[in-house]
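Reading through the structure tokens given below for one structure.
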Amino acid sequence: GAFSGKRQPLAPPPPAADAAVAAAAAAADGGEYFAEHSLTPFIVKMAQEVNKARPQDPHTWMMEYLSKHRPRKEQPGTVGNATEDEKAKKGPKIRVNVSAVMRKTPKKLLDAILSETGWEAVESATDTKCHVYFTWDSKAFLQRLGHPSCVLTGTEAIPQLPEAACINRLPGMGHLCDKVNMALALRLLQKLWPEKFRFWPKSWLLPAEAEELKSWLKKHGGGEKSGTVIVKPSDGSLGEGIFLAQTTSDLEAKLLAKSNWGGGFSALAQKYLPDPLLIKGLKFDLRLYVVVTSTDPPCAYLCKEGLARFCTTKYEAPTAANSNQHYMHLTNFSLNKKSAGFVKSTDPFDVESQASKRPLSTLLRQIEAQEAAQGRIFDEAKFCK
């Protein structure tokens, strides 16, 4: 305040959150680049807003904030008084019907994307003027086709898809990705092209092939290197119901423990690979993302970025003593996020990252460094072939 002739009391130190905002302002202050792009006030404002909102996942929150509030730089040259960006906002939009999107994470991502210029999200299921319709499952798709088995009674009728509309997923894709159906498809492909499909481990469908599996376990079971199977319920998700077995008695006991064994329970059992590639002693799996735009002719695009999901306990070859340690053998995020060893990501693209979820690009750099430390050259092109 202004000098009043009296000694002013010292101001209390700012709270930690305010200090963080002040630090963000100091870090962003100065520099022609920051001034050119108006970054300083934007970063300070975002820091203030995230501090006010205190979201559970601040990184996702900030991504959504960036998408909705980032400044739009005016394009040089205008027609009348309208900038290029203003013309785009007023121009035709691609209308996307999201009424069937129930799940929270995809909905957040869609909201962020559709807030961009040129897109319009439509929540009404009865809208018939959209360009793209999200049909999250087969039932929603059949409803859009007006199939008698899926016509809802006592509710507002859902109109059929317009003739030229696009949908977000191919019919039947969910069934193809079911564990048992995929196993049947890959078995057929193994018979047709055995050399190209050697990556698919030996498998058994339960309960139909339970006796064959027991015979295999009697011959191979009990050994750390080859005698373990992993059993996954056909309709399971999020790692629920998965178990390892090394002997027939172990398999029978764990199957009998299933409440619906003998009453509709089905599962896929596979030979467990005991010697996986590890990063700093941890087992991991990959999530790669493909969009299929046509089946006739076949056309698909592989996203260059992917996701690696890590276990949270250092790996050991399976034994009777550790076969129930899910944090060691199962990479499912829904399980490992409950582990005391779970590491949240701070900088996902840091090659030193120890996060339990990492981008594929970061993983590849870590594999390259690990191989180099052992005197080997990592051929990424061969790995990704």
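The values are calculated or read from the model by the stated rules, or taken from the named source; none is laboratory data. Since the structure is predicted, the reported quantities are computational estimates derived from the model, not experimental observations. Quick reminder, even Gly has a Cβ in these numbers, built from the backbone with ideal geometry, and neighbours come from all protein chains shown. Only protein heavy atoms, including side chains, enter the accessible area calculation; ligands, DNA and RNA are left aside. Shrake-Rupley method; radii C 1.70, N 1.55, O 1.52, S 1.80 Å.
Beta carbons closer than 9 Å, at least 6 apart along the sequence or on distinct chains, pair a first residue in region 177-195 that is more than 13 Å from residue 270 (Cβ to Cβ) and among the aliphatic types (A, V, I, L, M) with a second that is open to solvent by 80 Å² or more (accessible area, probe 1.4 Å) and assigned to a helix (DSSP H, G or I) for 185/176. Within region 93-137, the set of residues being among the basic types (Lys, Arg) and either closer than 18 Å to residue 63 by Cβ or out of contact with any strand residue (DSSP E or B) (no Cβ under 8 Å at 6 or more places or on another chain) (or both) comprises 103, 104, 107, 108. Quick check on my filter: what residues within region 334-357 are of a type in the set (A, V, I, L, M, F, W, C), within 21 Å of residue 369 (Cα to Cα) and open to solvent by 50 Å² or more (accessible area, probe 1.4 Å)? Those that are of a type in the set (A, V, I, L, M, F, W, C), within 21 Å of residue 369 (Cα to Cα) and open to solvent by 50 Å² or more (accessible area, probe 1.4 Å): 343, 349, 351.
Taking every residue in region 89-103 that is at pLDDT below 70 and pairing it with any residue that is β-branched (Val, Ile, Thr), at least 6 positions away or on another chain, the pairs with Cβ-Cβ distances below 7 Å are 89/117.
From the residues in region 369-378 that are open to solvent by less than 80 Å² (accessible area, probe 1.4 Å), free of Cβ contacts under 8 Å to residues at least 60 places away in the same chain and on the phi < 0 side of the Ramachandran plot, which one is farthest from the chain's Cα centre (by Cα)? It would help to see each step written out before you state the result.
Initially, region 369-378 is screened for residues open to solvent by less than 80 Å² (accessible area, probe 1.4 Å), giving 369-372, 375, 378.
With the extra rule that they be free of Cβ contacts under 8 Å to residues at least 60 places away in the same chain, the set shrinks to 369, 371-372, 375, 378.
Among the residues that remain, those that are also on the phi < 0 side of the Ramachandran plot are: 369, 371-372, 378.
Numbers: 369: 25, 371: 27, 372: 29, 378: 26 Å.
Here the residue is 372.
Within region 314-336, none of the residues are modelled with pLDDT of 90 or more and in a strand (DSSP E or B). Going by what's in this entry, would residue 73 be described as exposed (fewer than 14 other Cβ atoms within 10 Å of the Cβ) and either at pLDDT 75 or above or not in a loop (DSSP other than H, G, I, E, B) (or both)? Considered against the rule, which asks whether it is exposed (fewer than 14 other Cβ atoms within 10 Å of the Cβ) and either at pLDDT 75 or above or not in a loop (DSSP other than H, G, I, E, B) (or both), residue 73 comes out as no.
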